[in-house]
Amino acid sequence: MARELRGVSTTGTLYARIMNSTGYWWNGSTFEAYSAANYSTYDVAMTEQGNSGVYVADFPAAIQTGGTYEYFVHKQLGGSPAEGDPVVSTGKVDWSGSASISAATGSMSGSEFRDYILRRGFKRTDKDTEIYEAITDAIQILRRRFSFDEAETEATSTDTIGALGDFKISQESDLGLLTGIVLEDGDSAEPLNRITKDEFDRRYPSINVDTDRGYPKDFCLFAGQIYIGPCPDSVSYVYRMSYSKRAGAVTSSTTGVPFTSAYRDLLADLTMSLLYEGLDEEDRSERYRQRAEAELEHVLRRERINKGETSFTMDAVDC
């Protein structure tokens with residue numbers, strides 16, 4: 001089982017809905033135009049992996065037409081799936097008609113994406129080093145701009161604060177952008193407030209010498225560690241960190257180039273812009289950069305919808 005459908009949320013009931021390239025919804029036996037009356041037939045049940053907050057489901061084997069399908073993961077609020085259940089994540093599946101074309105995070109290897117760049121019009125087969133460097137730089141640029149679904153991960157640190165009086169957690173080795181920390185305490189969970197190191201020092205000036213402890217409220221990043229304030233009064237707290245991964249160098253042997261599953265065109269256009277910039281072809285570089293920026297705006301709009309920062313409409317997603 002490939003578990004192609006995936007979502008992340010606090011413990012609850014999650015389900016997915018699948019949409020094809022024409023905007024029709026899978027109802028368990030076929031694709032149909034959206035109907036509020038048939039909403040209950042659109043759900044694909046998802047299963048939580050332990051108590052991890054990660055939910056998975058298999059892509060329906062009954063879908064036997066190959067293509068790229070979008071899926072929307074909802075958190076169920078009531079006793080059954082219903083309109084109004086919030087979208088907590090989305091994704092895409094490249095489907096052959098019987099299996100996922102790629103189970104990896106990125107659907108193209110380094111060498112495959114290099115060939116894709118050449119097919120899109122960059123004919124310089126003598127520039128492989130520059131191509132892989134441009135791909136790497138483009139990924140780093142995108143990850144600085146915002147967090148994509150496949151750049152995000154969920155990590156739970158359960159043993160980094162093992163003694164009373166300690167208030168530091170080592171950063172994850174692949175941490176690129178820390179988007180937030182949630183403190184889990186039994187059946188409750190609270191987000192910690194991000195502050196600067198200067199603010200941390202002002203709020204907790206005696207944290208290194210004082211025995212006073214309390215319920216954690218704040219965190220900051222400093223010198224490769226995460227500082228928790230006030231000094232935790234318990235070693236049983238779980239700190240769940242959401243972050244985007246740091247991009248590594250892309251080579252021909254890279255097994256899954258980030259973003260090539262869901263955002264292949266965006267990554268390719270930004271890569272092409274960097275390549276032509278390096279060749280001092282400013283007009284062509286600017287043309288590809290403008291295309292990348294237009295695609296980026298679309299994806300940012302989509303991400304804001306996914307994060308609940310604006311209302312969900314199909315026009316906003318598909319424009």
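General observations
- Using θ = phi - 60° and Karplus 6.51 cos²θ - 1.76 cosθ + 1.60, couplings along region 5-17 (whole Hz; Gly, Pro as x): 8, 9, x, 10, 6, 5, 3, x, 10, 10, 9, 10, 10
- Around Val257: net Lys/Arg minus Asp/Glu count, Cβ-Cβ under 10 Å: +1
- Phi angles across region 264-278 convert, under the Karplus curve 6.51 cos²θ - 1.76 cosθ + 1.60 with θ = phi - 60°, into 3J(HN,Hα) values of 4, 5, 4, 5, 5, 5, 5, 4, 4, 4, 5, 5, 5, 5, x Hz, Gly and Pro given as x.
- Spacing of the two label points (7 Å from each Cα toward its C-beta) at Asp265 and Ala33, in nm: 2.5 nm
- Built amide H within the under 5 Å cut-off of Thr179, gap 5+: Ser242, Tyr243, Ser244
- Net +/- balance of residues flanking Asp269 in space, Cβ distance below 11 Å, scoring K and R +1, D and E -1: +2
- Nonlocal amide H pairs with Asn27, under 5 Å, H built at 1.01 Å: Glu32
- Between Ser236 and Lys123, full extension at 0.36 nm per residue minus the direct alpha carbon distance yields a gain of 34.9 nm.
- Working note: Karplus 6.51/-1.76/1.60 with θ = phi - 60° gives region 65-79 the couplings 9, x, x, 9, 10, 9, 10, 10, 9, 10, 9, 6, 8, x, x Hz, where Gly and Pro are set to x.
- Cβ-derived FRET efficiency at R0 41 Å, Asp185 paired with Val209, nearest 0.05: 0.95
- Prolate/oblate/rounded call for region 5-103, Cα gyration tensor, a/c under 1.5 rounded: oblate
- For Asn193, nonlocal amide neighbours, meaning residues 5 or more places apart or on other chains whose placed amide H falls under 5 Å from its own, are Asp218, Phe219.
Coordinate-derived values only; no laboratory data. Source: prediction; values computed, not measured. Positions of Cβ are backbone-derived with ideal geometry, glycine not excepted, and every protein chain shown enters the neighbour counts.
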